[in-house]
Amino acid sequence: MEGGTHHPHDGGMGGGDVWEALLPALTVALLAGGYLLLARRARAHRPMLGWTLWRTVSFLGGCALLAVALLPPVASFAHGDFRGHMVQHLLIGMYAPLALVLGAPVTLLLRTLPPARARRLTALLHSRPVRLVAHPVPALLLSTGTLAVLYFTPLFNASMGQPVLHWGVHAHFLLSGCLFAWVIAGPDPAPSRPGVPARLVVLGVAVAAHATVSQLMYGGFLIDVHAPVPQVRGGAEIMYYGGDIAELLLAAALVATWRPVRRRRPAATGPAPVSAAGTAAG
């Protein structure tokens, strides 16, 4: 840890800063608009099946969380203060992904695609690469495991000075957060999702990993962040408590979306029962 702020941006609003606000706003608006268009198409094509309002609200809530994270004042706060960065990181990597995933975008897409394209998408979801990353353990390594890579190596400081790398880090945590939320508690089908006990174990490991990283950060061990000590400690506290709340919400989503597997009753081996109206057919 070092003195000084962690981001080289100044306080002015230049042309680059305008684009940094405009592009995320347009991207989030297109994401929300595309989902609403698909939801309307699903209701029009299959009115009996429809599309639930709460899934739409959940996805739009995820888009709103993304907008809050990527636009001022949170984005401006994140540029000059490590605590703001941590708020931004939690919104992008944990809270927004859960809301987006609970909107079941894959199921919505499958309902609106032509049958041939829907079959191709289903085949892609069951392909070997997707089955590999769609298991909770690889998803855990890609989401939570990369926290140590970001904060215990020079990567974080390098990303603060290079916009392309900075946005790449944002994209990674958004996508890996969506992946982890999907394989743990997503309503969309996952090709290699294990049972609830195994997913709860992986979620418990994620809780422990977040707590460990935040405690090491608070104590100044292994951390490589160029920011004042009070900012780093404040960011560690935000990670610790904010991460706990996000993971509790993920556990609640897991319980809410869990459906017990129905066991088939064994076939009767005896003679057919006799009804009250007569004898069994034979």
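The values are calculated or read from the model by the stated rules, or taken from the named source; none is laboratory data. The model shown is predicted, which means the values in this text are computed figures rather than measured ones. Neighbour counts run over all protein chains shown; Cβ positions are idealised from the backbone, glycine included. SASA here: full protein model, heavy atoms, side chains in, ligands and nucleic acids out. Shrake-Rupley method; radii C 1.70, N 1.55, O 1.52, S 1.80 Å.
Rundown of residues vs (1) open to solvent by 70 Å² or more (accessible area, probe 1.4 Å); (2) in a loop (DSSP other than H, G, I, E, B); (3) at pLDDT 90 or above; (4) farther than 20 Å from residue 94 by Cβ, yes/no style:
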residue	(1), (2), (3), (4)
17	no, no, no, yes
22	yes, no, no, yes
32	no, no, yes, no
36	yes, no, yes, yes
49	yes, yes, no, yes
58	no, no, yes, no
63	no, no, yes, no
66	no, no, yes, no
78	no, no, yes, no
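From the list 183, 207, 196, exactly one residue is touching a residue at least 40 places away in the same chain (Cβ under 8 Å) and either on the phi > 0 side of the Ramachandran plot or open to solvent by 40 Å² or more (accessible area, probe 1.4 Å) (or both). Which is it? Steps first, answer last, please.
Values: 183 fails: either on the phi > 0 side of the Ramachandran plot or open to solvent by 40 Å² or more (accessible area, probe 1.4 Å) (or both); 196 fails: either on the phi > 0 side of the Ramachandran plot or open to solvent by 40 Å² or more (accessible area, probe 1.4 Å) (or both).
Of the residues listed, the single one that is touching a residue at least 40 places away in the same chain (Cβ under 8 Å) and either on the phi > 0 side of the Ramachandran plot or open to solvent by 40 Å² or more (accessible area, probe 1.4 Å) (or both) is 207.
Filter the range 215-261 down to the residues that are among the hydroxyl-bearing types (Ser, Thr, Tyr) and open to solvent by less than 80 Å² (accessible area, probe 1.4 Å), then identify the one that is nearest to residue 82 (Cα to Cα). Show your work before the answer.
Our first condition is that a residue be among the hydroxyl-bearing types (Ser, Thr, Tyr); within the range 215-261, this holds for 218, 240-241, 257.
After this cut, where a residue has to be open to solvent by less than 80 Å² (accessible area, probe 1.4 Å) as well, the list is 240, 257.
Values: 240: 14, 257: 35 Å.
This residue is 240.
List the residue pairs whose Cβ atoms are under 6 Å apart, where the first residue sits in the range 153-175 and is touching a residue at least 40 places away in the same chain (Cβ under 8 Å), the second is among the small types (Gly, Ala, Ser), and the two are 6 or more positions apart or on different chains. Final answer for the pair search is 173/93.
Pairs linking a residue in the range 27-51 that is of a type in the set (D, E, K, R) to a residue that is at pLDDT below 95 and exposed (fewer than 15 other Cβ atoms within 10 Å of the Cβ), with Cβ atoms under 8 Å and 6 or more positions apart or on different chains, are 43/50.
Within the span defined as the range 91-98, one or more residues are at pLDDT 95 or above, under 30 Å from residue 46 (Cα atoms) and open to solvent by 10 Å² or more (accessible area, probe 1.4 Å).
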